[in-house]
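This report refers to the structure that appears directly beneath it.
The values are calculated or read from the model by the stated rules, or taken from the named source; none is laboratory data. These numbers were taken from a predicted model, which means no experiment stands behind them. All Cβ positions, even for glycine, are placed from backbone atoms using ideal geometry, and neighbour counts span all protein chains on display. To get the accessible areas, we keep the full protein, side chains included, count just its heavy atoms, and leave off ligands, DNA and RNA. Shrake-Rupley method; radii C 1.70, N 1.55, O 1.52, S 1.80 Å.
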Amino acid sequence: VDAGHRAVIFDRFRGVQDVVVGEGTHFLIPWVQKPIIFDCRSRPRNVPVITGSKDLQNVNITLRILFRPVTAQLPRIFTSIGEDYDERVLPSITTEILKSVVVSTS
């Protein structure tokens, strides 16, 4: 596992293991275990939003987010959301938060 990355082990017999594997060299059983590698460094993401203000004008806002996953929750993230968690979760959350902030300010 490379620096700044963590791995979750998928075992064909036991499923996703609850142990998160850190950086370094680790042994796997071929054809039985498969590593799913996550990038745990802080990464930027730009989210553009067009929303209306109180006086009915369109406002263009681009939000830059620095995000990273919680390493202890990686097995849960993988089983519930998948490897592309950032593509699924971040756009909906940021859009709703930005719209509520724009509407509340004048």
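For this structure, a couple of remarks:
- A Förster radius of 35 Å combined with the Cβ-Cβ distance from Ile36 to Ile61 puts the calculated FRET efficiency at roughly 0.55.
- Low-density loop positions, trypsin sites (Lys or Arg not before Pro), region 29-87 - DSSP coil, at most 12 other Cβ in 10 Å: Arg41, Lys54
- Multiplying the residue separation of Ala3 and Val89 by 0.36 nm and removing their Cα-Cα distance gives an extension gain of 28.5 nm.
- Cα long-axis angle, helix 85-104 against the chain (0 to 90 degrees, to the nearest 10): 20 degrees
- Calculated [θ] (222 nm, deg cm²/dmol) that DSSP helices of n ≥ 4 give over the chain, each run adding -39,500 (n - 2.57): -8000 deg cm²/dmol
- Dipole in debye (nearest 20) - the chain, about Cα centre, beta carbon charges: Lys, Arg +1; Asp, Glu -1: 100 debye
- Estimated FRET transfer efficiency (Ser80, Glu23; beta-carbon r; R0 22 Å; 0.05): 0.35
- The residues packed around Val8, meaning those with a beta-carbon under 10 Å from its beta-carbon, carry a net charge of +1 if Lys and Arg are +1 and Asp and Glu are -1.
- Candidate residues Ile77, Ile36, Ile50, Ile93: accessible-area rank, largest first, probe 1.4 Å: Ile50, Ile93, Ile77, Ile36
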